[in-house]
2 protein chains.
Amino acid sequence: MTDAPTARAGRRSRSGGGAARRAERSAVSFETAKFIERNIPLFEVLNEEALEIIEYNAETVLEEIGVNFVNNPGALERWRQAGADVQGERAHIPRGLARQLCKTAPSKFTQFARNPARNVEIGGNSLVFAPVYGPPFVRDVKGGRRYATMADFEKFVKLAYMSKWLHHSGGTVCEPTDVPVNKRHLDMLMAHMTLSDKPFMGSVTEPSRACDSVEMCEILFGRDFVQENTVMTSLININSPLTFDDVMMGALEVYAQNMQACIVSPFIVGGAMAPVSVAGTLTQVLAEVLAGIAYSQLCRPGAPVIFGAFVTSIDMNSGAPTFGTPEASHITYGAGQLARRLNLPFRSSGGFCGSKLPDAQAAYESANSLNMGLLSGVNFMLHSCGWLEGGLVADFEKFVMDADQLGTLHKFAEGVNMDADAQAMGAIREVGPGGHYLGCAHTQSNFKSAFWRTELFDYKPFETWDEEGARDTRVLASERVERMMAQYQQPAMDPGITEALHAYVANKKASMPDAFM
Amino acid sequence: MTDAPTARAGRRSRSGGGAARRAERSAVSFETAKFIERNIPLFEVLNEEALEIIEYNAETVLEEIGVNFVNNPGALERWRQAGADVQGERAHIPRGLARQLCKTAPSKFTQFARNPARNVEIGGNSLVFAPVYGPPFVRDVKGGRRYATMADFEKFVKLAYMSKWLHHSGGTVCEPTDVPVNKRHLDMLMAHMTLSDKPFMGSVTEPSRACDSVEMCEILFGRDFVQENTVMTSLININSPLTFDDVMMGALEVYAQNMQACIVSPFIVGGAMAPVSVAGTLTQVLAEVLAGIAYSQLCRPGAPVIFGAFVTSIDMNSGAPTFGTPEASHITYGAGQLARRLNLPFRSSGGFCGSKLPDAQAAYESANSLNMGLLSGVNFMLHSCGWLEGGLVADFEKFVMDADQLGTLHKFAEGVNMDADAQAMGAIREVGPGGHYLGCAHTQSNFKSAFWRTELFDYKPFETWDEEGARDTRVLASERVERMMAQYQQPAMDPGITEALHAYVANKKASMPDAFM
């Protein structure tokens, strides 16, 4: 799939071609880095023996304990025909069957964006960053913590569009709680499609909303294009332990049958939804992902999928989920190894933290999970920026803080340049003992690109920093958010497509009453 | 050296044996974790070809460009006799000679503490954490940023003594600027020796002060013991590029001849003291460490040493050093590989940051360098807690923040337990699809030790946290510092030794006028 054709979205002309071209010419384009192509080794925490034990145990779980497909007779019928022993809602999957079924899933796929320069490859050596997903609350310095609205949602989409190191617009960046539950997916998709030109995620909260997502993409990309190419990567959570509910599976069925990608993700707070040990949790994660991805291939062999893992540990004193912890790192590193042995793209999360504020706790925990994400071989990193308070809050300042740190991962992933110029023997000879390199020829010709540079953190001398108001990172980030919003300009789009999308959304909204639960 | 005998300090009785025993009985002992014994793989950023290029180039630097030993005719004479081509103050070291000389240095050694339970192994799979070193300023929430005093110094020594995950008391935790320059080493050593029972570092600011350090250790540990065992690990910086000054080399000579360990560390801000490229900087680092460690072995073959690397990058816009950056990570990972190929213990730094406050910037940068330190195979991590503002400030709150995070590295370094209980197949069977693990037998018997737990961060629900004052990490840390200081109790020591140390310091101080420059 990696050689699939370029999406033609934005080039087609339904009406007003001249206006569209003028719109394109006048729009500002914000620089987005290419997704990471890792040029460094991976860190692997499990040895061969440990991996074989976990793989053996996961097959035992599938065969002996089985998995539940709830309220989903069609799924159970598919499993029966594939050779599983189905009893009630439980499918016992014979050893080796799920792994065999997973083989038709591609090891790598392209997700197309309406701007072809923003297409991403998911799998292999690539790493794609997407923002936080799901919080009902937002927070910023000025407004404090509050329920998220559609205006907040749009602001996040704009920030993501302008963030250089972010490759993906994400999905439910926050829950727009001022829009009815049964209609908000329409507004969210509209925002991703029109306020940004980066790739995005579809709705999974109802199978019918997955259908709406596909239909809106057909307007944006063209019907034939969508049927043959992946234009959405959507998040399908498993109700751990070992349960696949009809809502999520219904959405997966829609996406798989329409060639759209799903991240099949156990949702685990270790000690609650999985055993209180790393080896036990990895066993359950693998069993669940094998069953979920096998099922996607029963729906449509060849449908693109991602081996997901959302794993945190639990604070056994308070029962609160904890983030950026060493056990979660063990599990993520191990899950990466298991995914690679299945030859599947791997998703995990970065930017994880439990803190209520974008303070030092948030940053330690987030940096731990961002670094781990890179070294564990993650291909699609959800929650890579903006996540706060265990995922309850999408924080505007934290969004730009994390988004800045993603730049360090890009630079680190390049590995070490060993060419003759980088070896710098001429510079060492030129400077010699006791000299300094600031003015030497090698420094002059390389300094601009030599070192990664933050666009947020403060590197100034203490006195300057103090005179300028002794701002901490949160204040600097708040100012950066305002600066970015002032600079935002909407990417150009064919007015005919915009019009058709608006008409689709208006029709859909008119066809059903508001629902808030 | 790892099988060397236990230090007898604190057991010898010069006077008042009964009082000493009573003092020991009444003292509170604070728990200190054993140094880390890594049970995980290392991350290696350079391949074999890159390593060979760097090693070849470093030898070229030593032979062709050479290194300066400044104001040190004795050192130059040693180099001449060893086979170097000495011209003026420059020693050109023939290819292979320095590497050959390094072979007598031990790959691992024990640093003894006066409490044998606090002895540390340096080298191999071990990782020892020591606090920040060198800042002239201190900072805390209440007092802001100010010049450090001896009272601050003592407070840091007490905090380090009580910090579970910190194995080492360090050296110049901050500069006690209220004590004359030529006398402060005496007070600093006295604080490490009497307020803590963890291992510590000696003075390097004058060869005579290194002698004083050795003599005070002879009082503490016994003269014969010190001559045969390592009781100090001291920091010898190289004046990069390629310059070894007489002060630092004088101190190294004293320590090596007395069997005390030195960290031989290039001090590099990349782009200023080394080329603006990773490969070039690593070449220079290796050349400098080879020359410095070879010289230690010329002073006394078998003297314990550590391959040091203090490397940061530079912000080419402001000229400020930057920390926790991807280039510094490349260099540290590479330096770890080079040290292991020399079969030498490796030192680098964790907790590095450029921020003025213990805020999100500080924590992102510090977490980046702490994680890198663990995975790069560091054996002795200096600056692992308390470092702020590029090393200008030792921050009390940051000290306990970092010290807490060191616990995550301990847990991560244990690796993944794969025994039958950890595989948890019984628990997965017991709970089954749709259940939960909170009450199952496996969770009940494992939850206490299953997950690492912070002693600082907030895991409470939002409402509780809000009612309790919505404290950020810095405020929580400030309260933790106060709580720890209220709990501090001095570790017991033979009163005869205390008396002898006081007499030594009083005599030394009386023998010279105060100097403040």
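Give the residue, chosen from B:MET517, B:MET485, that is in a loop (DSSP other than H, G, I, E, B), closer than 23 Å to B:GLU175 by Cα, away from chain A (no Cβ under 14 Å) and out of contact with any Phe, Trp or Tyr (no Cβ under 6 Å at 6 or more places or on another chain). Steps first, please.
On the way: B:MET485 fails: in a loop (DSSP other than H, G, I, E, B).
It is B:MET517.
Might you let me know whether the stretch A:317-328 holds any residue that is within 12 Å of chain B (Cβ to nearest Cβ), over 20 Å from B:ALA450 (Cα atoms) and crowded, with 24+ Cβ neighbours inside 10 Å? Don't jump to the end; show me each part of the working.
Initially, the stretch A:317-328 is screened for residues within 12 Å of chain B (Cβ to nearest Cβ), giving A:317-328.
From what is left, the residues that are over 20 Å from B:ALA450 (Cα atoms) are none.
Checking the stretch A:317-328: not a single residue is within 12 Å of chain B (Cβ to nearest Cβ), over 20 Å from B:ALA450 (Cα atoms) and crowded, with 24+ Cβ neighbours inside 10 Å.
If I ask for residues that are among the β-branched types (Val, Ile, Thr) and crowded, with 16+ Cβ neighbours inside 10 Å, which ones from the stretch A:475-498 would you list? Full working, then the answer.
Narrowing the stretch A:475-498 to residues among the β-branched types (Val, Ile, Thr): A:475, A:481, A:497-498.
Listed by number, the residues that qualify are A:VAL481, A:ILE497, A:THR498.
Can you pull out every residue in the stretch B:436-467 that is under 26 Å from A:GLU59 (Cα atoms), in a loop (DSSP other than H, G, I, E, B) and facing chain A (nearest Cβ under 7 Å)?
B:HIS436, B:TYR437, B:LEU438
Please pick out the residue among B:ALA506, B:ALA477, B:ALA470, B:ALA500 that is at pLDDT 95 or above and outside any helix (DSSP H, G or I). Full working, then the answer.
Values: B:ALA506 fails: outside any helix (DSSP H, G or I); B:ALA477 fails: outside any helix (DSSP H, G or I); B:ALA500 fails: outside any helix (DSSP H, G or I).
Matching residue, one of B:ALA506, B:ALA477, B:ALA470, B:ALA500: B:ALA470.
For the stretch A:263-275, give me each residue that is within 14 Å of another protein chain (Cβ to nearest Cβ) and either surrounded by fewer than 24 Cβ atoms within 10 Å (Cβ to Cβ) or touching a residue at least 40 places away in the same chain (Cβ under 8 Å) (or both).
So in the stretch A:263-275, the residues within 14 Å of another protein chain (Cβ to nearest Cβ) come out as A:266-275.
Correct list: A:PRO266, A:PHE267, A:ILE268, A:VAL269, A:GLY270, A:GLY271, A:ALA272.
Would you be able to say whether some residue in the stretch A:124-142 is in contact with a Cys (Cβ under 9 Å, 6 or more places away or on another chain), within 14 Å of chain B (Cβ to nearest Cβ) and surrounded by fewer than 24 Cβ atoms within 10 Å (Cβ to Cβ)?
Yes, there is a match, as at least one residue in the stretch A:124-142 is in contact with a Cys (Cβ under 9 Å, 6 or more places away or on another chain), within 14 Å of chain B (Cβ to nearest Cβ) and surrounded by fewer than 24 Cβ atoms within 10 Å (Cβ to Cβ).
Checking the conditions here, which among A:GLY350, A:GLY319 is on the phi > 0 side of the Ramachandran plot and at pLDDT below 95?
A:GLY319
Can you pull out every residue in the stretch B:301-316 that is farther than 17 Å from B:HIS383 by Cα and at pLDDT 95 or above?
B:PRO301, B:GLY302, B:ALA303, B:PRO304, B:VAL305
Sort through B:LEU438, B:LEU456 and tell me the only one that's hydrophobic (A, V, I, L, M, F, W, C) and either touching a Gly at 6+ places or on another chain (Cβ under 6 Å) or at pLDDT 95 or above (or both). Walk me through how you get there before you give the answer.
Working: B:LEU438 fails: either touching a Gly at 6+ places or on another chain (Cβ under 6 Å) or at pLDDT 95 or above (or both).
When all the criteria are applied, what remains is B:LEU456.
So, of the residues in the stretch A:265-288 that are among the small types (Gly, Ala, Ser) and assigned to a helix (DSSP H, G or I), which turns out to be nearest to the chain's Cα centre (by Cα)? Lay out the reasoning, then the answer.
The first filter runs over the stretch A:265-288 and keeps only residues among the small types (Gly, Ala, Ser), leaving A:265, A:270-272, A:274, A:277, A:279-280, A:287.
Checking the rest, the ones that are also assigned to a helix (DSSP H, G or I) come to A:279-280, A:287.
On the way: A:ALA279: 25, A:GLY280: 26, A:ALA287: 22 Å.
In this case the residue turns out to be A:ALA287.
Sort out which residues of the stretch A:143-177 are surrounded by 23 or more Cβ atoms within 10 Å (Cβ to Cβ), over 30 Å from A:ARG38 (Cβ atoms) and out of contact with any Pro (no Cβ under 8 Å at 6 or more places or on another chain), and write them in order of number.
Correct list: A:LYS155, A:PRO176.
Specify which of the listed residues (B:LEU101, B:LEU62, B:LEU97, B:LEU46) is in contact (Cβ under 8 Å) with a residue 40 or more places away in the chain and touching a Lys or Arg at 6+ places or on another chain (Cβ under 8 Å).
Working: B:LEU101 fails: touching a Lys or Arg at 6+ places or on another chain (Cβ under 8 Å); B:LEU97 fails: touching a Lys or Arg at 6+ places or on another chain (Cβ under 8 Å); B:LEU46 fails: touching a Lys or Arg at 6+ places or on another chain (Cβ under 8 Å).
Unique residue meeting the criteria: B:LEU62.
Tell me, yes or no, whether the stretch A:223-246 has at least one residue that is crowded, with 24+ Cβ neighbours inside 10 Å and either at positive phi or among the small types (Gly, Ala, Ser) (or both).
For the stretch A:223-246, residues crowded, with 24+ Cβ neighbours inside 10 Å and either at positive phi or among the small types (Gly, Ala, Ser) (or both): present.
Quick one: count up the residues across the stretch A:238-262 that are of a type in the set (A, V, I, L, M) and within 11 Å of chain B (Cβ to nearest Cβ).
2
So if I check each of B:LEU392, B:LEU382, B:LEU342, which one is at pLDDT 95 or above, surrounded by fewer than 24 Cβ atoms within 10 Å (Cβ to Cβ), farther than 21 Å from B:ASN39 by Cβ and more than 9 Å from chain A (Cβ to nearest Cβ)? If you could, list the steps in order and put the result at the bottom.
On the way: B:LEU392 fails: more than 9 Å from chain A (Cβ to nearest Cβ); B:LEU382 fails: surrounded by fewer than 24 Cβ atoms within 10 Å (Cβ to Cβ).
Checking each option against the conditions leaves just B:LEU342.
Residues in the stretch A:122-167 that are farther than 30 Å from A:SER376 by Cβ and among the polar types (S, T, N, Q): how many?
Number satisfying all stated conditions: 1.
Can you work out which of the residues in the stretch A:285-316 that are at the interface with chain B (Cβ under 9 Å from one of its Cβ atoms) and out of contact with any strand residue (DSSP E or B) (no Cβ under 6 Å at 6 or more places or on another chain) is farthest from A:TRP387 (Cα to Cα)?
Per the stated criteria, the residue is A:ALA287.
With respect to A:ASN371, is the statement that it is free of Cβ contacts under 8 Å to residues at least 40 places away in the same chain, within 7 Å of chain B (Cβ to nearest Cβ) and under 19 Å from the mean Cα position of the chain (by Cα) true? Even if it seems obvious, please write down each step before you answer.
On the way: free of Cβ contacts under 8 Å to residues at least 40 places away in the same chain: yes; within 7 Å of chain B (Cβ to nearest Cβ): yes; under 19 Å from the mean Cα position of the chain (by Cα): yes.
So A:ASN371 passes the test.
In the stretch A:159-186, how many residues are among the hydroxyl-bearing types (Ser, Thr, Tyr) and touching a helix residue (DSSP H, G or I) at 6+ places or on another chain (Cβ under 6 Å)? Write out each step before concluding.
Kept after step one, since they are among the hydroxyl-bearing types (Ser, Thr, Tyr), are these residues of the stretch A:159-186: A:161, A:163, A:169, A:172, A:177.
Keeping just the survivors that are touching a helix residue (DSSP H, G or I) at 6+ places or on another chain (Cβ under 6 Å) gives A:163, A:169.
Counting residues in the stretch A:159-186 that are among the hydroxyl-bearing types (Ser, Thr, Tyr) and touching a helix residue (DSSP H, G or I) at 6+ places or on another chain (Cβ under 6 Å) gives 2.
Which members of the stretch B:320-368 meet the condition of being aliphatic (A, V, I, L, M) and touching a residue at least 24 places away in the same chain (Cβ under 8 Å)?
Across the stretch B:320-368, the qualifying residues are B:ALA320, B:ALA328, B:ILE331, B:ALA335, B:LEU338, B:ALA339, B:LEU342, B:LEU344, B:LEU357, B:ALA362, B:ALA363, B:ALA367.
Anything in the stretch A:405-435 that is more than 7 Å from chain B (Cβ to nearest Cβ) and surrounded by fewer than 22 Cβ atoms within 10 Å (Cβ to Cβ)? List them, or say none. Outline the logic, then answer.
Taking the stretch A:405-435 first, the residues more than 7 Å from chain B (Cβ to nearest Cβ) are A:406-407, A:409-410, A:413-414, A:419-421, A:426, A:430.
Passing the criteria: A:GLY407, A:HIS410, A:ALA413, A:GLU414, A:ASP419, A:ALA420, A:ASP421, A:GLY426, A:GLU430.
I need the full set of residues from the stretch B:251-305 which are closer than 19 Å to A:ILE428 by Cβ and of a type in the set (Ser, Thr, Tyr), in order please.
B:SER265, B:SER277, B:THR281, B:THR283
Against the condition over 17 Å from A:ALA50 (Cβ atoms) and in a helix (DSSP H, G or I), how does A:ALA291 come out, does it pass?
Details: over 17 Å from A:ALA50 (Cβ atoms): yes; in a helix (DSSP H, G or I): yes.
Yes: the conditions hold for A:ALA291.
I'm trying to understand the selection: among the residues of the stretch B:56-83, which are over 17 Å from B:PRO241 (Cα atoms) and within 12 Å of chain A (Cβ to nearest Cβ)?
The one that is over 17 Å from B:PRO241 (Cα atoms) and within 12 Å of chain A (Cβ to nearest Cβ): B:TYR56.
In this structure, does A:LEU298 turn out to be assigned to a helix (DSSP H, G or I), modelled with pLDDT of 95 or more and either over 21 Å from A:THR408 (Cα atoms) or out of contact with any helix residue (DSSP H, G or I) (no Cβ under 9 Å at 6 or more places or on another chain) (or both)?
Values: assigned to a helix (DSSP H, G or I): yes; modelled with pLDDT of 95 or more: yes; either over 21 Å from A:THR408 (Cα atoms) or out of contact with any helix residue (DSSP H, G or I) (no Cβ under 9 Å at 6 or more places or on another chain) (or both): yes.
Here the answer is yes, as A:LEU298 does meet what is asked.
The values are calculated or read from the model by the stated rules, or taken from the named source; none is laboratory data. This one's a predicted model, so the numbers in the text were calculated from it and none came from an experiment. A quick note on method: Cβ atoms are made from the backbone with ideal geometry, for glycine too, and the neighbour counts reach across all protein chains shown.
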